[in-house]
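Each remark here refers to the structure printed beneath this line.
The values are calculated or read from the model by the stated rules, or taken from the named source; none is laboratory data. What you see is a predicted model, and the numbers here were worked out from it, not measured in a lab. Cβ placement follows ideal geometry from the backbone for every residue including glycine, while neighbour counts extend to all protein chains displayed. These accessible areas exclude ligands, DNA and RNA; they are computed on the full protein's heavy atoms, side chains included. Shrake-Rupley method; radii C 1.70, N 1.55, O 1.52, S 1.80 Å.
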Amino acid sequence: SSGINAEYGGLAASTTTISPTAAGLTSLILGRIIDGRLSVERANNGILAGLVSITGGCAVVNPEMACIIGIIGACVYLLSSLLLKKLMIDDVVDASPVHLFCGVWGAIAASLFADPQNVEMAYGTGSCGLFYSCDGNGPKQFAANLIFVIVVIVWTSLWSLLIFTSLATMNKLRVSLATEKMGRALLVNGVSAYEKCLSRRISRRVSTYMSARPHRQSIATHLNMVTTPEIPEVEAGHSEAGGSKLEVGN
């Protein structure tokens, strides 16, 4: 009925608001305790962590449980972020802590805090979370969600291993060291994504060098020519022969 749908939608909306709010504040406070900084980036990722954590159970958990899920989600995000740094795994935007680790927590949280009345209203089944009583279905739901998490991790890991190993074998997984130093945005798109990090002299030389070669198909085609010692010194109006190498950061 329309009344049940409105209540169902209102519950999902409220829990989806409460969890990221709690997670964002928790990330901000705990981050300040960890390193003494109030980080906007950490607060934003905390909000995302709360959203990811509540997604699986937004329609079946109560608002107070959504707050707890968000707080725990923030802790999961911060601890997993520190773990990746400890293991020297590069994840500059903390995508894995937010989406992988908090995603796992969200799936488990739904099987812990699902209220049987909410489950009945949303799905019409007699299931519930582990912390509730519903004819012994709580442990079954927890086991089902745990198996689901394990299967997804195994499936994703196997396909990722296959795909990325194949790309690495074909030297398609990473750009060249020269591209990393110069910046792919500049060489492929003709603009610098990090203008302050690139000297004006290098930017001018690359721009002049490329504009002097109208027959090229793309900047990427001449990538190796731009970043090797054979690059001629090109100044406005004339060209000097010589092997001047582009030095990044000078």
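Based on this model, can you work out whether Phe131 counts as open to solvent by 80 Å² or more (accessible area, probe 1.4 Å), assigned to a helix (DSSP H, G or I) and of a type in the set (Phe, Trp, Tyr)? Considered against the rule, which asks whether it is open to solvent by 80 Å² or more (accessible area, probe 1.4 Å), assigned to a helix (DSSP H, G or I) and of a type in the set (Phe, Trp, Tyr), Phe131 comes out as no. As a summary of the residue check, Pro139 satisfies the conditions (1) part of a helix (DSSP H, G or I); (2) under 28 Å from the mean Cα position of the chain (by Cα) except for the one numbered (2).
Kindly indicate whether Tyr132 is more than 27 Å from the chain's Cα centre (by Cα), of a type in the set (Phe, Trp, Tyr) and under 18 Å from Leu11 (Cα atoms). For Tyr132, the condition - more than 27 Å from the chain's Cα centre (by Cα), of a type in the set (Phe, Trp, Tyr) and under 18 Å from Leu11 (Cα atoms) - is not met.
Filtered by the rule that a residue be in a loop (DSSP other than H, G, I, E, B) and at pLDDT below 95, the range 115-127 gives Gly124, Thr125, Gly126, Ser127. Within the range 137-166, residues that are hydrophobic (A, V, I, L, M, F, W, C) have Cβ atoms under 7 Å from residues that are open to solvent by 80 Å² or more (accessible area, probe 1.4 Å) in these pairs: Phe164/Leu173, counting only partners at least 6 apart in sequence or on another chain. Determine which single condition Lys181 fails, assuming it passes every other condition in (1) under 23 Å from the mean Cα position of the chain (by Cα); (2) more than 29 Å from Ala59 (Cα to Cα); (3) surrounded by fewer than 18 Cβ atoms within 10 Å (Cβ to Cβ). All conditions pass for Lys181, except number (1). Here Ile34 clears all of (1) over 15 Å from the mean Cα position of the chain (by Cα); (2) outside any helix (DSSP H, G or I); (3) surrounded by fewer than 23 Cβ atoms within 10 Å (Cβ to Cβ); (4) of a type in the set (A, V, I, L, M) except the condition numbered (2).
Considering each residue of the range 75-87 in turn, at least one proves to be in contact with an Asp or Glu (Cβ under 6 Å, 6 or more places away or on another chain) and closer than 20 Å to Arg32 by Cβ. Of all residues in the range 99-122, exactly one satisfies the criterion of being touching a residue at least 40 places away in the same chain (Cβ under 8 Å) and open to solvent by 50 Å² or more (accessible area, probe 1.4 Å), namely His99.
If you filter the range 77-98 down to residues that are open to solvent by less than 40 Å² (accessible area, probe 1.4 Å) and outside any helix (DSSP H, G or I), you find that the one that is nearest to Met65 (Cα to Cα) is Asp94. Thr21 versus (1) closer than 27 Å to Val154 by Cβ; (2) surrounded by fewer than 21 Cβ atoms within 10 Å (Cβ to Cβ); (3) not basic (Lys, Arg): which is the lone unmet condition? Going through the list (1) closer than 27 Å to Val154 by Cβ; (2) surrounded by fewer than 21 Cβ atoms within 10 Å (Cβ to Cβ); (3) not basic (Lys, Arg), Thr21 breaks only (1).
Residue under question is Ser27, and the condition is that it be touching a Cys at 6+ places or on another chain (Cβ under 8 Å) and under 12 Å from Ile71 (Cα atoms); does it hold? For Ser27, the condition - touching a Cys at 6+ places or on another chain (Cβ under 8 Å) and under 12 Å from Ile71 (Cα atoms) - is not met. Can you confirm whether the range 42-61 contains a residue that is surrounded by fewer than 22 Cβ atoms within 10 Å (Cβ to Cβ), without any contact (Cβ under 8 Å) to a residue 60 or more places away in the chain and of a type in the set (Lys, Arg)? No; the residues of the range 42-61 include none that is surrounded by fewer than 22 Cβ atoms within 10 Å (Cβ to Cβ), without any contact (Cβ under 8 Å) to a residue 60 or more places away in the chain and of a type in the set (Lys, Arg).
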